[in-house]
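Trainee: For reference, the structure I am asking about is given below.
The values are calculated or read from the model by the stated rules, or taken from the named source; none is laboratory data. As the structure is a computational prediction, the values presented were derived from the model and not from experiment. Virtual Cβ from ideal backbone geometry, glycine too; neighbours counted across all protein chains shown.
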Amino acid sequence: MKSTKEIEFVTQIEKHQNLIHKICRLYSNGDAEHKDLFQEITIQLWKAYPKFRGDSKFSTWMYRVGINTAISLYRKSKRKILSYSFDDVSYKIPQTETYDDSQDQQLKSIYAAIKQFNDIDKAVIFLYLEDKSYKEISEMIGITEVNARVKMNRIKKKLKTQLNP
Amino acid sequence: MDELEILKKDWQKNQKFPKLSKKEIYRLLHKKSSSIVKWIFILSIIEFCFWTLISLLMKDSEAQQRFDSYDIDYIIMPLMISGYIILAYFFVAFYKNYKKISSTDSVKLLMKNILNTRKTVKHYVLFNLIFLYISIIVGIIIEVSNSVDLKLITAKFTDTADYFILYGIVAILTLLMMVLLTGILLGFYYLVYGLLLKRLKKNYKVLQELEQ
């Protein structure tokens with residue numbers, strides 16, 4: 001029996017699932033890990049759902065839980081990961097490694113460089129790519145707005161040096 | 001245009017992922033989580049049980065029964081009562097820390113709360129080790145001054161220097177035992193928690209350095 005809460009939650013996740021995929025894209029390597037992290041984020045969202053009051057947007061709330069799971073809660077396991085399958089098995093999750101050859105070489109290098117960054121940098125980059133303001137970034141990470149800007153500038157510099165050694 | 005701007009443009013338009021159906025998402029909700037917090041919680045409960053069990057086992061041991069015959073309640077009772085009070089304190093502190101962990105907090109606060117939970121259990125283990133060492137030392141002193149068998153052995157020594165040899169051997173053996181026990185425990189904790197929390201600690205350090 002599915003409860004109303006469950007139906008409500010699943011509908012929201014189905015609508016916003018790309019957000020989870022995007023986090024997985026940054027924090028995992030390969031399809032199996034992507035799926036495993038996707039599963040863990042969904043479980044953590046479900047566990048936190050009773051406390052979701054609806055005073056913030058569902059997607060904003062998802063960012064927090066998703067990033068926290070990827071950075072602090074998720075434990076990369078060696079267990080057999082394929083606990084669920086996508087409908088279309090031939091559909092490959094886009095990873096840096098599987099990037100289409102026709103894609104710009106520069107983009108390929110940027111994605112590859114970012115994959116090497118530490119977990120906190122990745123979170124800042126992710127939120128920046130998602131068009132979040134420095135205020136939102138600082139709140140989600142738990143640092144001051146000034147430090148969020150400092151961090152971003154350092155990331156930009158680091159990226160530049162890595163790409164143009 | 002800098003690299004991140006190029007990336008941002010691509011990021012916002014180029015996101016093709018397989019779409020999960022409602023049925024598939026529903027199935028995910030009922031999978032088991034493998035989160036770090038769950039593991040820390042399980043390990044902490046095991047630790048609490050392990051150390052409580054050890055102290056209970058010691059209570060019923062032959063040595064303890066012999067101690068009871070020495071009429072030294074004034075030493076044993078305060079040690080036992082303080083032991084239980086401290087156990088209760090650690091358990092409440094651990095539970096409170098655990099309840100504070102929330103995946104909707106900021107990245108930094110969540111990390112801090114997870115590490116605090118671990119810290120409480122670490123302090124509990126440390127307290128137990130110290131408590132165990134104090135008990136060993138107190139036990140040896142009581143044994144040496146009360147045991148009839150030991151008095152018989154020491155009665156055979158005529159020279160004072162012989163006493164020092166006996167006490168020296170006892171002290172060295174005790175010390176070796178403590179070092180060995182500490183080594184084994186530290187090694188065990190390093191393996192279990194070191195590996196489990198390595199990533200978290202590294203990330204927390206990054207955030208702390210930024211605030212300096």
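Trainee: Is it the case that some residue within the range B:15-35 is touching a Cys at 6+ places or on another chain (Cβ under 9 Å), surrounded by 15 or more Cβ atoms within 10 Å (Cβ to Cβ) and farther than 18 Å from residue B:83 by Cα? Explain how you work it out, then say what you get.
Mentor: Of all residues in the range B:15-35, those touching a Cys at 6+ places or on another chain (Cβ under 9 Å) come to B:17.
After this cut, where a residue has to be surrounded by 15 or more Cβ atoms within 10 Å (Cβ to Cβ) as well, the list is B:17.
With farther than 18 Å from residue B:83 by Cα added as a condition, the list becomes B:17.
Yes, some residue in the range B:15-35 is touching a Cys at 6+ places or on another chain (Cβ under 9 Å), surrounded by 15 or more Cβ atoms within 10 Å (Cβ to Cβ) and farther than 18 Å from residue B:83 by Cα.
Trainee: Can I ask one more? Can you tell me which condition residue B:44 does not meet? The list is (1) surrounded by fewer than 11 Cβ atoms within 10 Å (Cβ to Cβ); (2) within 33 Å of the chain's Cα centre (by Cα); (3) not acidic (Asp, Glu), and all the others hold.
Mentor: Residue B:44 satisfies every listed condition except (1).
Trainee: Do you know which residues across the range A:24-62 are in a helix (DSSP H, G or I), over 23 Å from residue A:113 (Cβ atoms) and of a type in the set (Ser, Thr, Tyr)?
Mentor: A:42, A:49, A:59, A:60 - these are the residues of the range A:24-62 that are in a helix (DSSP H, G or I), over 23 Å from residue A:113 (Cβ atoms) and of a type in the set (Ser, Thr, Tyr).
Trainee: Take residues that are within 14 Å of chain A (Cβ to nearest Cβ) and either touching a strand residue (DSSP E or B) at 6+ places or on another chain (Cβ under 9 Å) or of a type in the set (D, E, K, R) (or both) and tell me which of the helices (runs of 4 or more DSSP H) falling wholly in the range B:99-212 contain 3 or more. Break it down stepwise before answering.
Mentor: Numbers: elements: B:107-146, B:148-155, B:160-189, B:195-211.
Counting at least 3 such residues, we get B:107-146, B:195-211.
Trainee: Pairs please, first residue from the range B:175-204 and more than 25 Å from residue A:118 (Cα to Cα), second anywhere and part of a helix (DSSP H, G or I), Cβ atoms under 6 Å, 6+ apart in sequence or on different chains.
Mentor: What qualifies is B:178/B:133.
Matching residues to (1) part of a loop (DSSP other than H, G, I, E, B); (2) hydrophobic (A, V, I, L, M, F, W, C); (3) in contact (Cβ under 8 Å) with a residue 60 or more places away in the chain; (4) within 14 Å of chain A (Cβ to nearest Cβ):
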| position | (1), (2), (3), (4) |
| --- | --- |
| B:19 | yes, no, no, yes |
| B:24 | no, no, no, yes |
| B:32 | yes, no, no, yes |
| B:46 | no, yes, no, no |
| B:49 | no, yes, no, no |
| B:52 | no, no, no, no |
| B:71 | yes, no, no, no |
| B:81 | no, yes, no, no |
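Trainee: Need the failing condition index for residue A:143 against (1) surrounded by fewer than 21 Cβ atoms within 10 Å (Cβ to Cβ); (2) outside any helix (DSSP H, G or I); (3) of a type in the set (Val, Ile, Thr), just the number.
Mentor: Evaluating residue A:143 over (1) surrounded by fewer than 21 Cβ atoms within 10 Å (Cβ to Cβ); (2) outside any helix (DSSP H, G or I); (3) of a type in the set (Val, Ile, Thr) leaves (1) as the failure.
Trainee: Cβ contacts < 8 Å: first residue facing chain B (nearest Cβ under 9 Å), restricted to the range A:104-120; second residue not in a helix (DSSP H, G or I), any location; separation 6+ or different chain. Result?
Mentor: Once the first residue is facing chain B (nearest Cβ under 9 Å) and sits in the range A:104-120, its partners that are not in a helix (DSSP H, G or I) give A:107/A:99; A:111/A:96; A:111/A:99.
Trainee: In the range A:29-55, which residue that is more than 17 Å from the chain's Cα centre (by Cα) and surrounded by fewer than 13 Cβ atoms within 10 Å (Cβ to Cβ) is nearest to the other protein chains (Cβ to nearest Cβ)?
Mentor: Among them, the one singled out is A:51.
Trainee: Inspect the range A:58-73 for any residue being within 9 Å of chain B (Cβ to nearest Cβ), more than 10 Å from the chain's Cα centre (by Cα) and either hydroxyl-bearing (Ser, Thr, Tyr) or surrounded by fewer than 18 Cβ atoms within 10 Å (Cβ to Cβ) (or both) and give the result as yes or no.
Mentor: Within the range A:58-73, one or more residues are within 9 Å of chain B (Cβ to nearest Cβ), more than 10 Å from the chain's Cα centre (by Cα) and either hydroxyl-bearing (Ser, Thr, Tyr) or surrounded by fewer than 18 Cβ atoms within 10 Å (Cβ to Cβ) (or both).
Trainee: Say whether the condition of being part of a helix (DSSP H, G or I) and either modelled with pLDDT of 80 or more or within 7 Å of chain B (Cβ to nearest Cβ) (or both) is met by at least one residue in the range A:74-94.
Mentor: Within the range A:74-94, none of the residues are part of a helix (DSSP H, G or I) and either modelled with pLDDT of 80 or more or within 7 Å of chain B (Cβ to nearest Cβ) (or both).
Trainee: Looking only at the range A:127-160, which residues are of a type in the set (Phe, Trp, Tyr) and in contact (Cβ under 8 Å) with a residue 24 or more places away in the chain? Lay out the reasoning, then the answer.
Mentor: From the range A:127-160, those of a type in the set (Phe, Trp, Tyr) are A:128, A:134; that's our starting set.
A:128 - this is the single residue of the range A:127-160 that is of a type in the set (Phe, Trp, Tyr) and in contact (Cβ under 8 Å) with a residue 24 or more places away in the chain.
Trainee: Collect the residues in the range A:1-23 that are facing chain B (nearest Cβ under 8 Å) and either within 22 Å of residue A:57 (Cβ to Cβ) or in a helix (DSSP H, G or I) (or both), keeping them in residue-number order. Quick ask: steps written out before the conclusion?
Mentor: First, pick out the residues of the range A:1-23 that are facing chain B (nearest Cβ under 8 Å): A:2, A:6, A:9-11, A:13-14, A:17-18, A:21-22.
A:6, A:9, A:10, A:11, A:13, A:14, A:17, A:18, A:21, A:22 - these are the residues of the range A:1-23 that are facing chain B (nearest Cβ under 8 Å) and either within 22 Å of residue A:57 (Cβ to Cβ) or in a helix (DSSP H, G or I) (or both).
Trainee: Moving on to the next point. Looking at the range B:5-13, is at least one residue within 14 Å of chain A (Cβ to nearest Cβ), among the aromatic types (Phe, Trp, Tyr), under 30 Å from residue B:122 (Cβ atoms) and assigned to a helix (DSSP H, G or I)? So that I can check it myself, show each step before the final result.
Mentor: Kept after step one, since they are within 14 Å of chain A (Cβ to nearest Cβ), are these residues of the range B:5-13: B:5-13.
Now drop any that are not among the aromatic types (Phe, Trp, Tyr), which leaves B:11.
Right, trim to under 30 Å from residue B:122 (Cβ atoms) and you get none.
No, the conditions are met nowhere in the range B:5-13.
Trainee: Of B:55, B:69, which residue is loosely packed, with under 15 Cβ neighbours inside 10 Å and over 21 Å from residue B:197 (Cβ atoms)? Please lay out each step first, then the result.
Mentor: Numbers: B:55 fails: loosely packed, with under 15 Cβ neighbours inside 10 Å.
It is B:69.
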